[in-house]
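Each remark here refers to the structure printed beneath this line.
The values are calculated or read from the model by the stated rules, or taken from the named source; none is laboratory data. The structure displayed is predicted, hence computed values, not measured ones. Neighbour counts are summed over all protein chains in view; Cβ atoms, including those assigned to glycine, are modelled from backbone coordinates with ideal geometry. Accessible surface is based on the protein model in full, side chains and every heavy atom, while ligands, DNA and RNA are left aside. Shrake-Rupley method; radii C 1.70, N 1.55, O 1.52, S 1.80 Å.
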Amino acid sequence: MLALFKKAGMPLRAPPDGECGMEGGGEGAPHIVSPLRGVTHLQRLERREPMLLRADTDGAPGLLRWFAGDSFLGSSMPGEALPWQAPGAGHYLLRVVDAKGLADSRELLIETVR
């Protein structure tokens, strides 16, 4: 591809070396175990129960911080569940971040039922 750009007289810079763009933040990053990916979660109007957020990590154990959008939800250790009650139905972007700044995220859809 680079040869084609040079032949046409168009500059094409090579991408930088490194591990940018890796899914889930790379080796040692936390990865969300719960809630499940690609599942619509149902929440009952009469009996609302908290959702359990859980993440594991391949790196050194330490405190994991959970966020929904830009809102801080709480902290947990790897493998431990953090109970969270969604404020209502809708789309949420959950994110878990470790002490090194490595992160994983997951889109979440919650619908309410009677």
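Considering only residues that are open to solvent by less than 100 Å² (accessible area, probe 1.4 Å) and under 17 Å from T57 (Cβ atoms), look in region 16-30 and name the one that is modelled with the highest pLDDT.
Looking at residues that are open to solvent by less than 100 Å² (accessible area, probe 1.4 Å) and under 17 Å from T57 (Cβ atoms), I get P30.
Out of (1) open to solvent by 30 Å² or more (accessible area, probe 1.4 Å); (2) touching a residue at least 12 places away in the same chain (Cβ under 8 Å), the odd one out for D70 is which?
(2)
Mind listing whichever residues of region 93-111 are among the aliphatic types (A, V, I, L, M) and part of a strand (DSSP E or B)?
Those that are among the aliphatic types (A, V, I, L, M) and part of a strand (DSSP E or B): L93, L94, V96, V97, A103, L108, L109, I110.
Among the residues of region 76-114, count how many are free of Cβ contacts under 8 Å to residues at least 24 places away in the same chain, under 13 Å from P30 (Cα atoms) and of a type in the set (G, A, S).
The qualifying residues number 2.
Which one of these does L2 not meet: (1) of a type in the set (A, V, I, L, M, F, W, C); (2) modelled with pLDDT of 70 or more; (3) open to solvent by less than 100 Å² (accessible area, probe 1.4 Å)?
Going through the list (1) of a type in the set (A, V, I, L, M, F, W, C); (2) modelled with pLDDT of 70 or more; (3) open to solvent by less than 100 Å² (accessible area, probe 1.4 Å), L2 breaks only (2).
Which numbered condition trips up D58, out of (1) over 29 Å from V113 (Cα atoms); (2) of a type in the set (D, E, K, R); (3) in contact with a strand residue (DSSP E or B) (Cβ under 7 Å, 6 or more places away or on another chain)?
Against the list (1) over 29 Å from V113 (Cα atoms); (2) of a type in the set (D, E, K, R); (3) in contact with a strand residue (DSSP E or B) (Cβ under 7 Å, 6 or more places away or on another chain), D58 comes up short only on (3).
Tell me, please, whether a residue that is open to solvent by less than 40 Å² (accessible area, probe 1.4 Å) and either closer than 17 Å to L102 by Cα or without any contact (Cβ under 8 Å) to a residue 24 or more places away in the chain (or both) can be found in region 31-44.
The answer is yes; a qualifying residue exists.
State all residues of region 56-92 that are among the charged types (D, E, K, R) and either touching a Ser or Thr at 6+ places or on another chain (Cβ under 9 Å) or part of a strand (DSSP E or B) (or both); if no residue qualifies, say none.
D56, R65
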